[in-house]
1. Tell me, what ³J(HN,Hα) does each residue in the stretch B:211-223 have, in order and in whole Hz, if you take phi through Karplus 6.51 cos²θ - 1.76 cosθ + 1.60 with θ = phi - 60° and put x for Gly and Pro?
2. Excluding ligands and nucleic acids, what accessible area in Å² is computed for residue C:162 using a 1.4 Å probe, to the nearest 10?
3. Looking at the stretch B:1-149, what % of its DSSP beta bridges pair antiparallel, to the nearest 5?
4. Along its principal axes, what span do the Cα atoms of the stretch C:206-287 show, with the longest given first and each in whole Å?
5. With a 1.4 Å probe and all protein chains kept in place, how much accessible area does residue C:159 have, in Å² rounded to the nearest 10?
6. Can you give the mean number of other chain Cβ atoms that lie within 10 Å of the Cβ atoms in peptide C:273-282?
7. With viscosity set to 0.692 mPa s and temperature to 37 °C, compute the Stokes-Einstein D of the stretch D:1-111, Rh being the Kirkwood radius across alpha carbon pairs; µm²/s, no decimals.
8. State log₁₀ I(q)/I(0) for the stretch C:60-149 at q = 0.16, 0.26 Å⁻¹ as given by the Debye formula over alpha-carbon point scatterers of equal weight, solvent excluded.
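The values are calculated or read from the model by the stated rules, or taken from the named source; none is laboratory data. Since the model is a prediction, treat every value here as computed from it, not as a measurement. Note: ideal-geometry Cβ built from the backbone for every residue, glycine included; neighbour counts use all protein chains shown. In case anyone asks, the SASA skips ligands and DNA or RNA and just uses the protein heavy atoms, side chains included. Shrake-Rupley method; radii C 1.70, N 1.55, O 1.52, S 1.80 Å.
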There are 4 protein chains.
Amino acid sequence: MAEKLSGVYPILSTPFDEARRVDVESLEREVEYLIEAGVDGLGLGLASEVPRLTEAERDLVLDTLVRVARGRVPVVMKSDADGTDLALHYSRRAAERGATALMVMPPPGAPAGGVRAYYHEIARQVGRPIFIQDVPTAPVAPALAAQIAAELEHPWYLKAESPPTAPRVAEAVAAGGARLTVFGGAHGAFFVEELRRGSVGTMPGALVPEAYVTTWRLWREGREADAEAHFARYGTLLRLLAQPTGIGTYLVKEALRLQGVFRHAVVRAPAVRPDELAYQELRRQLDGLGVRLS
Amino acid sequence: MAEKLSGVYPILSTPFDEARRVDVESLEREVEYLIEAGVDGLGLGLASEVPRLTEAERDLVLDTLVRVARGRVPVVMKSDADGTDLALHYSRRAAERGATALMVMPPPGAPAGGVRAYYHEIARQVGRPIFIQDVPTAPVAPALAAQIAAELEHPWYLKAESPPTAPRVAEAVAAGGARLTVFGGAHGAFFVEELRRGSVGTMPGALVPEAYVTTWRLWREGREADAEAHFARYGTLLRLLAQPTGIGTYLVKEALRLQGVFRHAVVRAPAVRPDELAYQELRRQLDGLGVRLS
Amino acid sequence: MAEKLSGVYPILSTPFDEARRVDVESLEREVEYLIEAGVDGLGLGLASEVPRLTEAERDLVLDTLVRVARGRVPVVMKSDADGTDLALHYSRRAAERGATALMVMPPPGAPAGGVRAYYHEIARQVGRPIFIQDVPTAPVAPALAAQIAAELEHPWYLKAESPPTAPRVAEAVAAGGARLTVFGGAHGAFFVEELRRGSVGTMPGALVPEAYVTTWRLWREGREADAEAHFARYGTLLRLLAQPTGIGTYLVKEALRLQGVFRHAVVRAPAVRPDELAYQELRRQLDGLGVRLS
Amino acid sequence: MAEKLSGVYPILSTPFDEARRVDVESLEREVEYLIEAGVDGLGLGLASEVPRLTEAERDLVLDTLVRVARGRVPVVMKSDADGTDLALHYSRRAAERGATALMVMPPPGAPAGGVRAYYHEIARQVGRPIFIQDVPTAPVAPALAAQIAAELEHPWYLKAESPPTAPRVAEAVAAGGARLTVFGGAHGAFFVEELRRGSVGTMPGALVPEAYVTTWRLWREGREADAEAHFARYGTLLRLLAQPTGIGTYLVKEALRLQGVFRHAVVRAPAVRPDELAYQELRRQLDGLGVRLS
């Protein structure tokens, strides 16, 4: 990896047909739609429902992404597991099929020593940049991420998603130094605040890539106030999309359907379905933002 | 209780001096500031750091609030505890000192039967309206709240704070019927979406009461789009204030200090302190919203 | 399923070789060893490290178990997942390969409605008896299990593992009636207390099957005091084996190695390894109980 | 503190009368009963339902204990709280009323830096030996306890209650060195295994003090096998008493009632009550162990 990964790396939504099978054509359109919007990379993660896919489906989704991306942007694949051996299996498979980098949550309930060994073994055996994923249900403290990075030279990234993410980024940047590159996540809600504290990218959802792409461009041009003002326009929409238990996942898919990217807005169960009002709220936001619907 | 409680009930921030003692004068100003802003009620809760106060301090804070409020608005006091007897002790004391209503989280880890008995005993013995507080770390499912209300006639309220709060409100309104009145909470971030689903009030933080008061007025006038547009202006500020681990608590107090309401912006430990950038972000938002600083 | 499953159903330990691959020969010996000890059924579950196996390894382990068991005892296969579709995939595969019944934990974080739909869909589509697995990290309250069973006729079992398990069994037996058959689990530590409250079997670990088999026989013969006295002999050993974070898993495998059943006592990472003292404590207990070591 | 605390420090059960008020006479008998049994110290903690007592009741219970103990044994008082200031309030009050040492859980949800500052401030301001209490719901990793002890010279103790406790003790002894003295807890179930790894005492429940006192004496006499054999006799009883959600708390009180120590076996709500079978199981164990009932 000669160059550092940075910028806007949306996590794809996985489209399903009415029988809840992967809808490859919609997925192809989604990849194209995001690349055309100017994203810097693409990922498959929690928002892609990866933990709800069979191994064959994981392959199918990643293969489709790699095939359509044609090397135009780097591809990040979630490959963690309950145990090291299964994470190695997913990680090797992802690397063989063309993933540029891996995204890896810590194994649940493991003590710090076990977490470090897990990351080091994946790094050593698979040889791909690793995004250490830090989420509220499986946090990786900045000090632990920094220790993992200090103990083994490797292209280490941290995707900081435990709130509050802005100080989390600041802490990780301070602790990790040159050996740890920090991205934000958690729907990108604190994108600008994170950039201000040293993050170099974000992994938001698949919707309104222009919100992030333009903010990122303005930021790099040194137009901080413009970046902030641009991003603030999307605040209400992003708040709606961040609703947990499935509602946000449904809404992102519905918006992609309304834009002609997805054929269906199906989420794998169990997931709480939005009510009719929520769909109206979504539409009103998209209208207000001038998002072109098909 | 002849009339139902409704509208905007901010939860006070508790001001401390530099020795971390309750600063009564600042508290007096805060109560006056919120009542002048047109709030419908006032409360002491988690955001008031009630679980970090001694019994004497709980009394002092409530007494001050009741004294300054002079009956102009109802007063809600958090009075839950690990066990029923201690919750009864807090609740009786709150009632004796003038609290209009109680706010009560379920005891940690109790099975549903124990939770119901706990609420019923407080209702029977203390005779004040009760806000059943539903938070992510101690959730009360809408069905359970509805059952509590169905089994004992009493002025029952639910403060729905487990995300996503908007569908939580809808579910509670449907399940609880006329016996359960539903408020929102969780920093009021989904205030309008909650109103749309049947809530009749919210318990936000002590900052920018005008955000909620005006939204609530517009809503009651049937001007839904105006309500939504007005509220959206505060989105970025509320996002910053909702940051957990102490950061939001510090920022609210700092803003009250900048407005001349608080003398100090001291939070009781342990609490993560915002960095210098966060204070700048706060000031920029307040400036942008035209909040008058002293 | 003409007949109800009941009795002692140990959960196999999965033997690995030094490269952490499944050691089929040791697994064959383990199945034979347990059947010879007189167990009533065999299962693959959490203690088998199923969540740390690839799909191919799940197949290999289940195939080996079915092949060696030759129909002498029923076989239960853990087949839950984060989502319904993946659980259906695992469940169908298990059924096709010869599992008599499925063991299914609820999906993490789903509301009650989603949990019920998940179980009902697996029951309808796969047509095998289902053990609803109730563990502290993913509890299924007895009332919810009873509701699942009441809403759809099916051979429903509950494996009650949320402590305290004895009253959990009592509650489930009362709530579930004839439509829900209750087993104990959680290392079988409360086997006799559970039987007294209406359970008809247990799913302990793979070690000292004679502890459970003899207790179960004495219990059915109406010799309650003898059953209790027999079981109490194993108290200290079972207490050592129930140690979490990996230590118990290592000790069970070490004991099987000492008995000549396993070639290695390898546990998949991350797992905390017992110290030298723990191995000595294990050996002393096995010696004291007269367990024949090879 | 000239001398290190060590040995058997039972945590008192708090007796309540039928109106759920503290029953001082029963408490006096309990203190006397335990001192006569030869315990080395006494404590008030979670098993004493301290978090369910008012401030006046905390004082009453501690005063009674100190008065009856008459300096014959050291007295440990739980004095933690959600925040540092309230913990200081409880701690000062405990020290003024005669507590020899404090037992302090970390504040919920605080990051490591906040936890360290909290312990250091209590140590500096109150000047009593501190037992850092490490429980599953609020764990203090051995490395963190060791760091707290390394950063400030003070009589630091760790009460290791996060399972598995035996390796937890070993890790704490290794990390803490001479600055951290390690006790076990968690109903004392792993008393001998903990001693073997360097603990110097335990804080069990108030029942069968002879189990611990004799084991401790045999251990100090170098009669390890006898200690282990003696302790094993109580395995089934301790397993019953360790049942969570209130059942164990009820059973301990019932046993004290049967022994003539308590007048009532009342537990503060919410608490799950044992069924009739559980009381029979308790009685059978007490009979079998030759515990003299009144």
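1. After applying 6.51 cos²θ - 1.76 cosθ + 1.60, I find 4, 7, 4, 5, 4, 5, 5, 4, 4, 5, 7, x, 9 Hz.
2. 10
3. If I count the DSSP bridges inside the stretch B:1-149, around 15 percent turn out antiparallel.
4. Sorted largest first, the three principal extents are 43, 23, 21 Å.
5. About 10 Å², rounded to the nearest 10.
6. Mean number of neighbouring Cβ atoms from other chains: 3.
7. Diffusion coefficient, whole number: 229 µm²/s.
8. Treating every Cα as an identical point scatterer, log10 I(q)/I(0) equals -0.61, -1.31.
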